[in-house]
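Reading through the C-alpha cells given below for one structure.
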Amino acid sequence: MGKTKRKYTLFTARQLLWLVLPIVIEQIFSTSLGFFDSLMVSNINAAQAVRSNASNAVGNVDYINNLIIQLFSAFATGGAIVTSQALGAGDRARANKVAKQLLALVACISLAVGCLCLALNEPILRLFYGNVDSSTFAFQRTYFAVTAASFPFIGLFNACAALLRAQRKSFSAMASAAISCAVNVGLNGVFLFVLDMGVLGAGLATLFCRAIPAVFMLVLLSGKNNAVRVRVFERFRFDGEMVRSILKLAIPSGVESALFQLGKLMTNTFVNAGVYATGAKSITEIGEAGQLIHINIQANGNTIANQINNFASVVGSGVGTSCLTVIGQSVGAGDPDQVKYYMKRMFLISYVANGACVGTILALMPLLTQLYGYADEAKAIGRQCLYFCLTLQLFTYPLSFTAPGILKATSDVKYVMYGAVISMFAMRVSLAFLLTTDRIPGMPQLGAMGYWIGMCSDWVLRSILFSARLLSGRWKRASGLIREPESAAAP
C-alpha cells in the first residue's frame, strides 16, 4: 500500500485566508501613504514645474524614509519570529517576555533614529540628492523634517503589528492601517487644497496618520484576551538573553532590508541626478516669476512607475510577512514535514494572489498614470517602465520575496542577508548605473528604463538564490529541526 498522506491542521485553509488577506490589505493601506502624498502634491494649485518639483521631493524623501522604516520593521521581524516559534511550541510565557523586550527595544531605537534624522536633515539629503535643483531640495528638507518626527510612531506601530500577527490577529493591524490611510487622505485634502500648505501640509498629514494608529495598536496589544500581551505601565528592565535572541534574527534582517532599500535609493539617485544622456530627459517651463525652470521627466516617469509598482508588490510583501507567523509556528511545533507542507501552501497563495494583483494593475495602467499631474512625456515613460517590470514580476516576485520570508521564519536569516545583498549590488545597483550613466563610453543611456532593467535582473537572481536554498534543505539546520549535517534533503 502507498504511504498515507498526512493532514496538517495547524492552519486550515480558512485560517490561512483570514491571516494573509488582512496583511495584504494592510500593506496596500501602508503603501498608499507615500502614494497619496506624492499624487495629491502633484495636483496642487501651482505651476506645473512647482508641482513637479514638490512631488519629486516627496517621492525622493520617501526612499530615505522607507530605508529607515525597514530598520524598524527588521527588529519587529526578529521579535515576531521568536514569538511565533514560542507560540508554536506552546510556550506563552516566553512569548510574552519577548514581546515586552521587543516593544521597548524598538521604541528606544526609533526615538534615537528620529532625533538623529532631525539633527542631520540637510547632510542626509545632500548625501543622496545633492544634485537636485534648489526648489526641489527646499521641499525635501521640509518634508523630511516633519516625517522624521513620526519615526517613533512607525517603530511602535511595526512592533505592535508584528506581535499581533504572531498570534494570528492580523485584522487589528489591517484596521489600524485603514485608519491611517483615511486620516492621511483627509488631512492631505485639508492641508493641501483648503489651507494651501504645500509640502509642509503633506508632511503634517503623514505625521498625524502615523501617530494615531500607533497609539491604537498599543491599546489593542494590551488587551486582556491576547495570548501575547504587553502592559504599558508594568515594571520593566532589559533581559540580555531575550534581547540577544531578538537581535540574532533582527540584525541580519535589518542589514538585508536596509541595504536593499539603500540600493533602491542609490539607483533612484542615478535617475534624479541626470547622469545619463537620453533624448527626452527633460523639458523646460517658464515659472510664475518669469524664470526658466528645468523639469526632469525621466525622474517624474520613474516616480510614477515606482509608486504604482509598490501596489503591485504588496501581495508578495504581504505573503512574505504572513510566512513569519505560518512557518514560524510550524517550526516551533517541531515537525519538518509540516513545515514543508506550509511552505508549498504559501507559495501557491503567493503565485495566485500576485498574478491577480499584477493583472489588475496592468489592465488599469492607462487610468492610473493619468492621475498624476505630470507632463504627458513623463506619463509615457512611467507606462513603458511598468509594462516591462510587471510582466517579469508575474513570474519572479513570489520566488524573490516570498521565499526569503519563509527562510527568515526558519531562522535562516544570514543566508537571506548575504543572498539579497549580493544580488542587489551585482544586479540592481551595477546594471542600473551602467544603463543610465553617460560617463562610460559605449554604454547605452536608457534613463528610467535602465533603473528597471537593473531591478528586474535583481529579482531574477534573488529567485535563483533563494529557491536553491529551499531545495537544498539547509534551512532545517538554521531552524533547529535537525542537528547533524544533511546530505540530500529537499523540501
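The residue list SER180, SER135 contains one member that is part of a helix (DSSP H, G or I), polar (S, T, N, Q) and within 19 Å of the chain's Cα centre (by Cα), which is SER180.
Might you check whether a residue that is under 30 Å from LEU39 (Cβ atoms), in contact (Cβ under 8 Å) with a residue 60 or more places away in the chain and outside any helix (DSSP H, G or I) occurs anywhere in the range 390-405? No, that holds for no residue.
The numbered conditions (1) in a helix (DSSP H, G or I); (2) surrounded by 21 or more Cβ atoms within 10 Å (Cβ to Cβ) are all true for ALA104 except (2). Among the residues here, SER150 does not qualify as of a type in the set (S, T, N, Q) and modelled with pLDDT under 85.
The lone criterion from (1) among the polar types (S, T, N, Q); (2) surrounded by fewer than 24 Cβ atoms within 10 Å (Cβ to Cβ); (3) under 20 Å from ARG168 (Cβ atoms) left unmet by THR321 is number (2). Answer yes if at least one residue in the range 410-424 is at pLDDT below 85 and under 21 Å from GLN261 (Cβ atoms), and no otherwise. Yes, because at least one residue in the range 410-424 is at pLDDT below 85 and under 21 Å from GLN261 (Cβ atoms).
Would you check if LEU368 is in a helix (DSSP H, G or I) and free of Cβ contacts under 8 Å to residues at least 60 places away in the same chain? No.
From the set of residues in the range 202-235 that are farther than 21 Å from THR31 by Cα and either among the polar types (S, T, N, Q) or not assigned by TED's automatic domain parsing to the domain that holds SER172 (or both), which is modelled with the highest pLDDT? Among residues in the range 202-235 that are farther than 21 Å from THR31 by Cα and either among the polar types (S, T, N, Q) or not assigned by TED's automatic domain parsing to the domain that holds SER172 (or both), the one modelled with the highest pLDDT is SER222. On inspection, VAL199 fails the criterion of being modelled with pLDDT of 85 or more and assigned to a helix (DSSP H, G or I).
The values are calculated or read from the model by the stated rules, or taken from the named source; none is laboratory data. Model, not experiment: these values are computed from the prediction. Note that we place each Cβ from the backbone using ideal geometry, even for glycine, and neighbour counts take in every protein chain shown.
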